[in-house]
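The values are calculated or read from the model by the stated rules, or taken from the named source; none is laboratory data. Because the structure is predicted, anything quoted here is derived from the model rather than measured. Neighbour counts are summed over all protein chains in view; Cβ atoms, including those assigned to glycine, are modelled from backbone coordinates with ideal geometry. When the accessible area is computed, the model is the full protein with side chains, heavy atoms only, and any ligands, DNA or RNA have been set aside. Shrake-Rupley method; radii C 1.70, N 1.55, O 1.52, S 1.80 Å.
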Amino acid sequence: MNQIPAKPTSHSILPAAAVAEFQSEFGGAIIRSGSAEYENARKVWNAIIDRYPAIIAMCEDVEDVVKAVRFARDHHLPLSVRSGGHNVAGRALCDDGIVVDLSRMKAITVDADRNIVEVQGGATLGELDAATSACELAVPTGVAPPTGVAGLALGGGVGWLTRKYGMTCDNLVGCDVVTADGTVLTADRTQNPDLFWGLRGGGGNFGIVTTFRFQAHPIKTVLGGLILYPRDQTKEVLRFYRDFMKSAPNELTAYAGLMSAPDGTPVFGIMACYCGHIESGRNVLGPLQAFGSPIIDMIQPIPFIEMQKLAYQPAETPTNNYWRSACLDELSDAAIDVLIQHANAARSPLTGTFIQYFGGAAASPPEGGTAFAQRGERYNICIEAQWLEPQENDDHIHWARSFSEALAPFSQPGNLLNFMNDEGDNAVQKSFGENYQRLRDLKTKYDPTNFFRHNQNILPAAAAE
Ligand SMILES: Cc1cc2nc3c(=O)[nH]c(=O)nc-3n(C[C@H](O)[C@H](O)[C@H](O)COP(=O)(O)OP(=O)(O)OC[C@H]3O[C@@H](n4cnc5c(N)ncnc54)[C@H](O)[C@@H]3O)c2cc1C
């Protein structure tokens with residue numbers, strides 16, 4: 001029989017009267033360990049994450065977020081922020097502290113005259129796509145519908161429209177933020193522009209974003225889909241993909257992947273999305289489609305909202321995950337050999353290795369700049385170990401770590417924040433490159449005590465000394 005977990009948490013040392021007062025003024029739901037909802041509320045996408053918060057504060061509005069922040073401060077509680085719960089390292093949850101859960105704050109308003117979309121901090125990509133596609137618009141986000149808009153946008157955000165319209169954070173035009181002292185600020189080009197710069201790629205370091213405002217783009221149908229090859233064609237097709245993408249127009253974003261078919265057979269695939277005129281797309285994609293001997297070529301005109309669902313198959317049961325990533329300026333033949341060797345040694349049919357090529361509009365920051373630093377023409381290699389049995393954890397984690405170590409001689413010092421896991425503060429610093437000192441100054445201004453630290457953390461000056 002399932003038992004409600006009884007791990008002792010610091011809520012037992014919180015004054016009961018204070019909790020009762022917090023509960024009475026809080027508009028949403030307060031979930032505490034021992035309650036019927038607790039087990040479900042402390043789950044995130046990655047089943048390997050097993051944390052026991054003292055309180056999960058299900059916020060209904062900005063006032064709830066402010067109250068939760070003030071309660072955490074007054075009682076010296078650790079605080080974490082949960083939007084979509086898809087951070088692979090489980091940073092949405094903290095042990096023995098308060099989780100500010102935004103998953104009930106999902107309002108989305110599309111201004112189709114100005115192509116501006118206002119999104120509350122708890123919405124997912126799928127919910128955003130549903131709202132924008134109804135107006136034949138799209139905000140450039142990521143490729144898995146249940147991912148949270150908030151975590152993805154704050155960390156940068158890459159997906160099918162990246163080469164045409166830039167990172168998700170490049171399309172941010174403003175935010176409302178609850179800061180560490182419980183103040184609500186608007187950040188955009190004219191109000192608190194320094195904070196706005198930091199929120200565009202600086203992760204959850206500066207406050208809790210309750211509302212995002214994005215620039216959307218007219219999109220209805222794209223030319224897209226998967227071309228699947230036998231795994232033994234990987235080397236030749238991957239080399240072709242590398243050369244082909246170098247001269248591809250920005251309308252085309254394409255990922256390559258070494259994964260398994262549903263029956264467990266190892267395969268290699270290229271998933272492409274061309275977001276310009278369909279007939280031009282056919283000409284652009286023709287040489288790629290003509291290369292090699294695919295098992296199947298599913299490239300066809302499809303509604304963009306369907307393209308957004310193609311790369312993600314929801315698992316029937318929750319899976320354990322350990323991800324690593326590497327950023328490469330060049331995909332040399334030697335790097336491809338290392339990549340194939342390690343991907344072929346994957347320990348689970350659920351595991352995949354994905355190669356994403358960026359650049360185009362994402363190669364340089366928009367006017368005003370962004371905290372996101374991994375610009376230029378780049379490959380992001382996602383090493384995604386996924387498995388079912390917890391007793392196999394060490395084996396899969398070892399595979400992913402060895403893989404990223406083997407790619408290190410080919411890699412840049414930094415990574416894409418959204419694909420980082422447990423690499424540590426030093427790796428986070430490298431990922432921000434020359435922006436790090438400016439980010440540290442900003443952190444010192446807006447969060448001098450490092451109140452928001454359950455994230456890819458930027459240390460404020462005092463904490464760093
Ligand atoms: C299946 C899957 C597919 C993915 N695909 C992509 C992709 O295509 N492109 C891409 O760029 N990334 C992708 N990612 C990575 C993803 O962008 C990050 O994991 C991101 O952190 C998830 O956001 P979330 O809101 O779901 O995270 P959560 O786990 O809810 O939060 C993670 C962290 O984000 C910060 N945060 C979240 N919400 C807020 C907020 N409102 N205010 C301030 N800080 C906040 C906090 O630091 C929090 O700890 C994918 C991840 C998964 C698991």
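Structure above, values below:
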{"read-out": "Total residues in region 433-460, condition over 15 Å from residue 80 (Cα atoms), touching a helix residue (DSSP H, G or I) at 6+ places or on another chain (Cβ under 7 Å) and surrounded by fewer than 22 Cβ atoms within 10 Å (Cβ to Cβ)", "value": "5"}
{"read-out": "Matching residues, region 370-381, being modelled with pLDDT of 95 or more and farther than 18 Å from residue 203 by Cβ", "value": "379, 381"}
{"read-out": "Residues satisfying the stated conditions in region 95-108, i.e. surrounded by fewer than 23 Cβ atoms within 10 Å (Cβ to Cβ) and touching a Ser or Thr at 6+ places or on another chain (Cβ under 6 Å)", "value": "96"}
{"read-out": "Any hit, region 185-204, residues being within 9 Å of the ligand (Cβ to nearest atom), under 29 Å from residue 74 (Cα atoms), modelled with pLDDT of 95 or more and hydrophobic (A, V, I, L, M, F, W, C)", "value": "yes"}
{"read-out": "Residue match in region 65-86 (condition: among the aromatic types (Phe, Trp, Tyr), touching a helix residue (DSSP H, G or I) at 6+ places or on another chain (Cβ under 7 Å) and either at pLDDT 95 or above or away from the ligand (no atom under 12 Å from the Cβ) (or both))", "value": "yes"}
{"read-out": "Any chance residue 95 is among the acidic types (Asp, Glu), farther than 30 Å from residue 52 by Cβ and outside the structural domain of residue 400 (by TED's automatic domain parsing)", "value": "no"}
{"read-out": "Some residue of region 38-56 being over 26 Å from the mean Cα position of the chain (by Cα) and buried (at least 21 other Cβ atoms within 10 Å of the Cβ)", "value": "no"}
{"read-out": "Failed item in (1) under 20 Å from residue 242 (Cα atoms); (2) open to solvent by 40 Å² or more (accessible area, probe 1.4 Å), with residue 269 passing the rest", "value": "(2)"}
{"read-out": "Residue list for region 128-145, restricted to those being open to solvent by 10 Å² or more (accessible area, probe 1.4 Å) and within 12 Å of the ligand (Cβ to nearest atom)", "value": "143, 144, 145"}
{"read-out": "Matching residues, region 340-358, being modelled with pLDDT under 95 and surrounded by 19 or more Cβ atoms within 10 Å (Cβ to Cβ)", "value": "358"}
{"read-out": "Residue that is away from the ligand (no atom under 14 Å from the Cβ) and touching a Lys or Arg at 6+ places or on another chain (Cβ under 8 Å), where the choices are 223, 228", "value": "223"}
{"read-out": "Scan of region 186-242 for residues that are open to solvent by 20 Å² or more (accessible area, probe 1.4 Å) and among the aromatic types (Phe, Trp, Tyr), ordered by number", "value": "240"}
{"read-out": "Number of positions in region 403-460 that are under 19 Å from residue 92 (Cβ atoms) and hydrophobic (A, V, I, L, M, F, W, C)", "value": "8"}
{"read-out": "Test: residue in region 17-27 that is open to solvent by 10 Å² or more (accessible area, probe 1.4 Å), within 16 Å of the ligand (Cβ to nearest atom) and outside the structural domain of residue 204 (by TED's automatic domain parsing)", "value": "no"}
{"read-out": "Residue 179 surrounded by fewer than 24 Cβ atoms within 10 Å (Cβ to Cβ) and under 23 Å from the mean Cα position of the chain (by Cα)", "value": "yes"}
{"read-out": "Index of the failed condition, residue 373 passing every other in (1) open to solvent by 20 Å² or more (accessible area, probe 1.4 Å); (2) within 16 Å of the ligand (Cβ to nearest atom); (3) farther than 30 Å from residue 194 by Cα; (4) touching a Ser or Thr at 6+ places or on another chain (Cβ under 8 Å)", "value": "(3)"}
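Let's see how each residue does on (1) crowded, with 24+ Cβ neighbours inside 10 Å; (2) near the ligand (Cβ under 8 Å from one of its atoms); (3) not basic (Lys, Arg):
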| residue | (1), (2), (3) |
| --- | --- |
| 119 | yes, no, yes |
| 147 | yes, yes, yes |
| 160 | yes, no, yes |
| 168 | yes, yes, yes |
| 173 | no, no, yes |
